[in-house]
Amino acid sequence: MTVTATRETTSPPTPAKKPGNSGRRRAWATRAPLLPALVFLIAVTQLPFVATLVISFFDWNSLKPEKRHFTGLSNYASVFTDEALRESVVTTVVLTASVVIVSVVLGLLFALLLDRAFFGRGFVRTLLITPFLLVPVSAALLWKHALYNPEYGLFNGALTWFGELFGIESVAQPEWTSEMPLIAVEASLVWQWTPFMMLILLAGLQSRPAEIMEAARLDGAGPWQMFRYLTLPHLRRYLELGILLGSVYIVQNFDAVFTITSGGLGTANLPYTVYETFYRAHEYGLASAAGVVVVIGTIVIATFALRTVSSLFREEASRS
(Lines give C-alpha, C1' and ligand atoms only; values in the text may rest on other atoms or scores of the structure.)
Protein backbone atom coordinates (compact mmCIF):
# COMPACT_ATOMS: atom_id res chain seq x y z
CA MET A 1 0.00 0.00 0.00
CA THR A 2 1.51 3.28 -1.05
CA VAL A 3 1.00 6.38 0.92
CA THR A 4 0.84 9.50 -1.12
CA ALA A 5 2.02 12.57 0.73
CA THR A 6 0.29 15.71 -0.30
CA ARG A 7 1.93 19.02 0.29
CA GLU A 8 -0.28 21.68 1.61
CA THR A 9 0.03 24.87 -0.28
CA THR A 10 -0.02 27.80 2.03
CA SER A 11 -1.10 31.16 0.68
CA PRO A 12 0.64 34.27 1.96
CA PRO A 13 -1.18 35.92 4.85
CA THR A 14 -3.53 38.72 3.87
CA PRO A 15 -2.62 42.06 5.39
CA ALA A 16 -4.89 43.05 8.22
CA LYS A 17 -7.22 45.90 7.43
CA LYS A 18 -6.65 49.00 9.39
CA PRO A 19 -9.60 49.51 11.69
CA GLY A 20 -9.97 53.16 10.74
CA ASN A 21 -10.21 52.70 6.96
CA SER A 22 -13.73 51.30 6.85
CA GLY A 23 -14.93 53.91 9.30
CA ARG A 24 -13.47 56.72 7.19
CA ARG A 25 -14.98 55.33 4.01
CA ARG A 26 -18.36 55.01 5.68
CA ALA A 27 -18.12 58.58 6.98
CA TRP A 28 -17.22 59.93 3.54
CA ALA A 29 -20.02 57.89 1.97
CA THR A 30 -22.54 59.52 4.28
CA ARG A 31 -21.09 63.01 3.76
CA ALA A 32 -20.71 62.80 0.00
CA PRO A 33 -24.37 63.68 -0.79
CA LEU A 34 -23.93 66.87 1.25
CA LEU A 35 -20.90 68.09 -0.70
CA PRO A 36 -22.90 69.67 -3.58
CA ALA A 37 -25.00 71.60 -1.06
CA LEU A 38 -21.84 72.69 0.77
CA VAL A 39 -20.21 73.86 -2.47
CA PHE A 40 -23.40 75.70 -3.46
CA LEU A 41 -23.60 77.36 -0.03
CA ILE A 42 -20.00 78.53 -0.22
CA ALA A 43 -20.46 79.81 -3.76
CA VAL A 44 -23.66 81.68 -2.93
CA THR A 45 -22.77 83.14 0.47
CA GLN A 46 -19.06 83.13 1.21
CA LEU A 47 -17.61 84.07 -2.17
CA PRO A 48 -19.85 87.17 -2.54
CA PHE A 49 -18.92 88.21 1.00
CA VAL A 50 -15.21 87.85 0.20
CA ALA A 51 -15.75 89.94 -2.94
CA THR A 52 -17.60 92.56 -0.89
CA LEU A 53 -14.78 92.60 1.63
CA VAL A 54 -12.20 93.17 -1.13
CA ILE A 55 -14.24 95.95 -2.78
CA SER A 56 -14.64 97.70 0.58
CA PHE A 57 -10.92 98.52 0.54
CA PHE A 58 -11.21 100.46 -2.74
CA ASP A 59 -12.41 103.93 -3.65
CA TRP A 60 -14.71 102.77 -6.44
CA ASN A 61 -17.34 104.96 -8.09
CA SER A 62 -19.15 103.26 -10.92
CA LEU A 63 -19.49 106.57 -12.79
CA LYS A 64 -15.69 106.94 -12.77
CA PRO A 65 -14.31 103.39 -13.02
CA GLU A 66 -10.95 104.56 -14.33
CA LYS A 67 -10.22 106.36 -11.03
CA ARG A 68 -10.61 103.24 -8.90
CA HIS A 69 -7.77 102.82 -6.40
CA PHE A 70 -6.93 101.07 -3.13
CA THR A 71 -7.68 103.15 -0.01
CA GLY A 72 -7.30 100.67 2.85
CA LEU A 73 -9.63 101.30 5.79
CA SER A 74 -10.75 104.78 4.73
CA ASN A 75 -14.20 103.53 3.70
CA TYR A 76 -14.72 102.04 7.16
CA ALA A 77 -13.59 105.31 8.72
CA SER A 78 -16.21 107.09 6.60
CA VAL A 79 -18.92 104.69 7.80
CA PHE A 80 -18.32 105.73 11.42
CA THR A 81 -17.44 109.39 10.86
CA ASP A 82 -20.03 110.35 8.25
CA GLU A 83 -23.05 111.76 10.08
CA ALA A 84 -25.68 110.02 7.94
CA LEU A 85 -23.97 106.65 8.17
CA ARG A 86 -23.41 107.04 11.90
CA GLU A 87 -27.07 107.86 12.44
CA SER A 88 -28.07 104.81 10.40
CA VAL A 89 -25.94 102.61 12.68
CA VAL A 90 -27.75 103.97 15.75
CA THR A 91 -31.13 103.59 14.05
CA THR A 92 -30.33 99.97 13.17
CA VAL A 93 -29.46 99.13 16.78
CA VAL A 94 -32.56 100.87 18.19
CA LEU A 95 -34.88 99.34 15.59
CA THR A 96 -33.52 95.83 16.06
CA ALA A 97 -33.48 95.89 19.86
CA SER A 98 -36.98 97.35 20.24
CA VAL A 99 -38.60 95.02 17.70
CA VAL A 100 -36.94 91.89 19.10
CA ILE A 101 -37.79 92.70 22.74
CA VAL A 102 -41.44 93.56 22.06
CA SER A 103 -41.90 90.61 19.69
CA VAL A 104 -40.48 88.16 22.24
CA VAL A 105 -42.69 89.48 25.05
CA LEU A 106 -45.86 89.44 22.93
CA GLY A 107 -44.92 86.07 21.44
CA LEU A 108 -44.55 84.61 24.94
CA LEU A 109 -47.97 85.95 25.97
CA PHE A 110 -49.66 84.51 22.89
CA ALA A 111 -47.82 81.20 23.32
CA LEU A 112 -49.07 80.94 26.91
CA LEU A 113 -52.58 81.66 25.66
CA LEU A 114 -52.44 79.00 22.93
CA ASP A 115 -50.95 76.46 25.33
CA ARG A 116 -54.33 76.32 27.05
CA ALA A 117 -57.25 74.35 25.69
CA PHE A 118 -60.25 76.44 24.64
CA PHE A 119 -62.91 76.40 21.95
CA GLY A 120 -61.60 77.63 18.60
CA ARG A 121 -57.93 77.40 19.53
CA GLY A 122 -56.96 76.13 16.07
CA PHE A 123 -58.71 79.05 14.38
CA VAL A 124 -57.07 81.57 16.71
CA ARG A 125 -53.66 79.99 16.14
CA THR A 126 -54.14 80.30 12.36
CA LEU A 127 -55.09 83.97 12.66
CA LEU A 128 -52.06 84.72 14.83
CA ILE A 129 -49.68 82.97 12.42
CA THR A 130 -51.03 84.74 9.32
CA PRO A 131 -48.95 87.98 9.59
CA PHE A 132 -45.70 86.01 9.42
CA LEU A 133 -46.84 84.32 6.20
CA LEU A 134 -47.24 87.60 4.33
CA VAL A 135 -44.58 88.88 1.97
CA PRO A 136 -42.66 91.65 3.85
CA VAL A 137 -43.41 94.27 1.19
CA SER A 138 -47.12 93.36 1.27
CA ALA A 139 -47.18 93.69 5.05
CA ALA A 140 -45.48 97.10 4.87
CA LEU A 141 -47.93 98.29 2.20
CA LEU A 142 -50.82 97.07 4.33
CA TRP A 143 -49.66 99.14 7.30
CA LYS A 144 -48.83 102.19 5.19
CA HIS A 145 -52.14 102.44 3.33
CA ALA A 146 -54.75 100.43 5.22
CA LEU A 147 -53.74 101.52 8.73
CA TYR A 148 -51.57 104.65 8.67
CA ASN A 149 -53.23 106.66 5.88
CA PRO A 150 -54.55 109.89 7.46
CA GLU A 151 -57.62 110.06 5.18
CA TYR A 152 -58.95 106.51 4.95
CA GLY A 153 -56.69 104.53 7.30
CA LEU A 154 -58.13 102.25 9.97
CA PHE A 155 -56.40 104.02 12.86
CA ASN A 156 -57.82 107.46 12.11
CA GLY A 157 -61.16 105.89 11.26
CA ALA A 158 -61.22 104.27 14.70
CA LEU A 159 -60.36 107.60 16.33
CA THR A 160 -63.23 109.26 14.47
CA TRP A 161 -65.63 106.50 15.50
CA PHE A 162 -64.63 106.81 19.17
CA GLY A 163 -65.04 110.57 18.94
CA GLU A 164 -68.57 110.24 17.62
CA LEU A 165 -69.33 107.60 20.26
CA PHE A 166 -68.34 109.95 23.11
CA GLY A 167 -69.74 113.09 21.50
CA ILE A 168 -66.43 114.68 20.51
CA GLU A 169 -66.91 116.74 17.37
CA SER A 170 -63.34 117.16 16.14
CA VAL A 171 -60.87 114.37 16.74
CA ALA A 172 -57.20 114.78 15.87
CA GLN A 173 -56.19 112.87 12.75
CA PRO A 174 -52.45 112.30 13.16
CA GLU A 175 -50.03 111.72 10.30
CA TRP A 176 -48.65 108.46 11.67
CA THR A 177 -45.70 108.02 9.30
CA SER A 178 -44.55 111.65 9.59
CA GLU A 179 -45.22 112.37 13.26
CA MET A 180 -43.88 109.06 14.62
CA PRO A 181 -41.98 107.46 11.72
CA LEU A 182 -39.67 105.11 13.63
CA ILE A 183 -42.52 103.81 15.79
CA ALA A 184 -44.56 103.26 12.64
CA VAL A 185 -41.82 101.06 11.17
CA GLU A 186 -41.31 99.24 14.48
CA ALA A 187 -45.04 98.52 14.86
CA SER A 188 -45.26 96.91 11.43
CA LEU A 189 -42.19 94.74 12.14
CA VAL A 190 -43.48 93.72 15.57
CA TRP A 191 -46.80 92.72 14.00
CA GLN A 192 -45.02 90.54 11.48
CA TRP A 193 -42.40 88.96 13.76
CA THR A 194 -44.51 88.27 16.86
CA PRO A 195 -46.01 85.10 15.27
CA PHE A 196 -42.49 83.80 14.60
CA MET A 197 -41.54 84.19 18.26
CA MET A 198 -44.88 82.72 19.29
CA LEU A 199 -44.32 79.55 17.26
CA ILE A 200 -40.87 78.98 18.73
CA LEU A 201 -42.02 79.54 22.31
CA LEU A 202 -45.20 77.49 21.81
CA ALA A 203 -43.05 74.57 20.70
CA GLY A 204 -41.04 75.01 23.89
CA LEU A 205 -44.16 75.10 26.06
CA GLN A 206 -45.55 71.93 24.51
CA SER A 207 -42.26 70.09 25.10
CA ARG A 208 -42.38 70.54 28.88
CA PRO A 209 -42.32 67.27 30.86
CA ALA A 210 -45.93 66.66 31.89
CA GLU A 211 -44.87 64.60 34.92
CA ILE A 212 -42.84 67.43 36.44
CA MET A 213 -45.61 69.98 35.87
CA GLU A 214 -48.19 67.68 37.43
CA ALA A 215 -45.93 66.94 40.40
CA ALA A 216 -45.41 70.65 41.02
CA ARG A 217 -49.16 71.23 40.82
CA LEU A 218 -49.81 68.45 43.35
CA ASP A 219 -47.17 69.94 45.67
CA GLY A 220 -49.18 73.15 45.80
CA ALA A 221 -47.22 75.33 43.39
CA GLY A 222 -49.24 78.23 42.02
CA PRO A 223 -49.37 79.37 38.37
CA TRP A 224 -46.76 82.11 38.90
CA GLN A 225 -44.38 79.77 40.75
CA MET A 226 -44.70 77.13 38.05
CA PHE A 227 -44.04 79.73 35.35
CA ARG A 228 -41.06 81.27 37.14
CA TYR A 229 -39.26 78.15 38.34
CA LEU A 230 -40.29 75.54 35.73
CA THR A 231 -41.62 77.08 32.52
CA LEU A 232 -39.22 80.00 32.15
CA PRO A 233 -36.02 77.97 32.72
CA HIS A 234 -37.33 75.36 30.29
CA LEU A 235 -37.90 78.06 27.65
CA ARG A 236 -34.34 79.35 27.94
CA ARG A 237 -33.04 77.75 24.75
CA TYR A 238 -36.19 78.68 22.85
CA LEU A 239 -35.89 82.30 23.95
CA GLU A 240 -32.24 82.33 22.90
CA LEU A 241 -33.15 80.88 19.51
CA GLY A 242 -35.93 83.44 18.97
CA ILE A 243 -33.71 86.35 19.98
CA LEU A 244 -30.84 85.10 17.83
CA LEU A 245 -32.90 84.58 14.67
CA GLY A 246 -34.92 87.74 15.22
CA SER A 247 -31.77 89.84 15.64
CA VAL A 248 -30.17 88.35 12.54
CA TYR A 249 -33.18 89.01 10.32
CA ILE A 250 -34.44 92.33 11.66
CA VAL A 251 -31.00 93.99 11.61
CA GLN A 252 -31.04 93.34 7.85
CA ASN A 253 -34.59 94.56 7.29
CA PHE A 254 -35.04 96.75 4.25
CA ASP A 255 -38.63 96.31 3.10
CA ALA A 256 -40.46 98.12 5.89
CA VAL A 257 -38.11 101.12 5.91
CA PHE A 258 -38.18 101.46 2.13
CA THR A 259 -41.96 101.02 1.80
CA ILE A 260 -43.31 103.00 4.76
CA THR A 261 -40.95 105.97 5.09
CA SER A 262 -38.47 105.64 2.18
CA GLY A 263 -35.69 106.05 4.72
CA GLY A 264 -36.74 109.58 5.67
CA LEU A 265 -37.32 111.26 9.03
CA GLY A 266 -34.53 109.38 10.80
CA THR A 267 -35.64 105.86 9.87
CA ALA A 268 -32.81 104.98 7.49
CA ASN A 269 -31.08 101.90 8.86
CA LEU A 270 -27.82 100.46 7.54
CA PRO A 271 -29.37 98.23 4.84
CA TYR A 272 -31.28 101.20 3.44
CA THR A 273 -28.15 103.35 3.63
CA VAL A 274 -26.23 100.67 1.73
CA TYR A 275 -28.94 100.77 -0.94
CA GLU A 276 -28.73 104.57 -1.16
CA THR A 277 -24.95 104.54 -1.32
CA PHE A 278 -24.74 101.75 -3.89
CA TYR A 279 -27.58 102.48 -6.30
CA ARG A 280 -27.92 106.25 -6.05
CA ALA A 281 -24.48 107.53 -5.11
CA HIS A 282 -22.76 104.71 -7.08
CA GLU A 283 -20.09 104.44 -4.37
CA TYR A 284 -19.34 100.72 -4.52
CA GLY A 285 -16.45 100.78 -2.04
CA LEU A 286 -18.31 102.77 0.61
CA ALA A 287 -21.46 100.68 0.18
CA SER A 288 -19.45 97.47 0.51
CA ALA A 289 -17.85 98.74 3.72
CA ALA A 290 -21.28 99.55 5.13
CA GLY A 291 -22.46 96.07 4.15
CA VAL A 292 -19.57 94.48 6.01
CA VAL A 293 -20.48 96.59 9.04
CA VAL A 294 -24.04 95.22 8.80
CA VAL A 295 -22.71 91.66 8.96
CA ILE A 296 -20.44 92.46 11.90
CA GLY A 297 -23.29 94.28 13.65
CA THR A 298 -25.53 91.25 13.19
CA ILE A 299 -22.96 89.02 14.87
CA VAL A 300 -22.37 91.49 17.71
CA ILE A 301 -26.08 92.03 18.41
CA ALA A 302 -26.84 88.31 18.36
CA THR A 303 -23.91 87.52 20.65
CA PHE A 304 -24.83 90.31 23.08
CA ALA A 305 -28.46 89.18 23.15
CA LEU A 306 -27.54 85.58 23.89
CA ARG A 307 -25.13 86.56 26.65
CA THR A 308 -27.72 88.86 28.22
CA VAL A 309 -30.37 86.16 28.28
CA SER A 310 -27.88 83.62 29.64
CA SER A 311 -26.77 85.97 32.43
CA LEU A 312 -30.40 86.62 33.41
CA PHE A 313 -31.06 82.90 33.72
CA ARG A 314 -27.85 82.36 35.70
CA GLU A 315 -28.85 85.07 38.16
CA GLU A 316 -32.31 83.52 38.49
CA ALA A 317 -30.78 80.08 39.09
CA SER A 318 -28.42 81.42 41.74
CA ARG A 319 -31.29 83.10 43.60
CA SER A 320 -33.34 79.92 43.65
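The values are calculated or read from the model by the stated rules, or taken from the named source; none is laboratory data. This structure is a prediction, so every number in the text was calculated from the model and none was measured. Here Cβ is always computed from backbone atoms with ideal geometry, including for glycine, and neighbour counts include all displayed protein chains. Heavy atoms of the whole protein, side chains included, go into the accessibility calculation; ligands, DNA and RNA do not. Shrake-Rupley method; radii C 1.70, N 1.55, O 1.52, S 1.80 Å.
Values as computed for the structure displayed
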item	result
For residue 171, distant residues with modelled amide H under 5 Å away	none
For the stretch 34-156, radius of gyration divided by Kirkwood radius, i.e. Rg to Rh on alpha-carbons	1.14
The chain: DSSP helices with Cα axial extent of at least 27 Å and average Kyte-Doolittle hydropathy no lower than -0.5	83-114, 181-205, 284-319
Distance between modelled label sites at residue 54 and residue 86, nm, 7 Å Cα→Cβ extension	3.3
Net length gained if the chain between residue 295 and residue 172 were fully extended (0.36 nm per residue, minus Cα distance)	40.1 nm
Accessible-area composition of the chain, carbon plus sulfur, in percent [1.4 Å probe]	67
Peptides ranked, highest mean first, by Cβ atoms within 10 Å: ranges 139-146, 30-37, 64-71	139-146, 64-71, 30-37
Extension gain, residue 215 back to residue 160 (0.36 nm per residue minus Cα-Cα distance, nm)	14.5 nm
All Cα pairs of the stretch 84-241, percent lying beyond 24 Å	52
Length added when fully stretched, residue 254-residue 94, from 0.36 nm per residue minus Cα-Cα	56.1 nm
Probe 1.4 Å, accessible area per residue of the chain, Å²	64
The chain: Rg to Rh, with Rh as the Kirkwood radius over Cα pairs	1.20
